[in-house]
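**Student:** Below you will find the structure I want to go over with you.
Nothing in this text is a laboratory measurement; each read-out follows from the coordinates by a stated rule. Quantities reported herein were computed from a predicted structural model and do not represent experimental measurements. Here the Cβ is made from the backbone with ideal geometry for all residues, glycine too, and neighbour counts use every protein chain on show.
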Amino acid sequence: MDDTFELYDLKVEVTATDRPFVCSHREGDFFYVQGENLVFPEGSSFSMYSLSAILPLLPAKQRMTDPHDWMSTDAYIACPDPNCGARFRITRVGKRTFSHSETTVVPLEGEDGTEEQV
Ligand SMILES: [Zn+2]
């Protein structure tokens, strides 16, 4: 039985605006999201305060969304420091295939016995 599903790989990149940065961001700094993993280029760093603003959106951005959903079209997150001009662009850069059975111990029927609607 095919139990595969797809998620988008994401790239999160620091972009500039017309206002200066307050935090330690550098334009062009980035990391990737691959499945459950955040993948940083070797030797890079990323503000934990900024990361806290970005993290809640990543699982939704990884998933297929309706073309009319704002999650499909909106790509920029503001730095949580209101005086900082940095923005973070989330780009879908590809799709990756996963197996349900390799990502959870919960059966496809779900924990409440409800069958998955395919
Ligand atoms: Zn900032």
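**Student:** Being surrounded by 14 or more Cβ atoms within 10 Å (Cβ to Cβ) and free of Cβ contacts under 8 Å to residues at least 60 places away in the same chain is true for just one of Ser44, Ser50. Which residue is that?
**Tutor:** Unique residue meeting the criteria: Ser50.
**Student:** Tell me yes or no: at least one residue of segment 53-66 is among the polar types (S, T, N, Q) and in contact with a helix residue (DSSP H, G or I) (Cβ under 8 Å, 6 or more places away or on another chain).
**Tutor:** Checking segment 53-66: at least one residue is among the polar types (S, T, N, Q) and in contact with a helix residue (DSSP H, G or I) (Cβ under 8 Å, 6 or more places away or on another chain).
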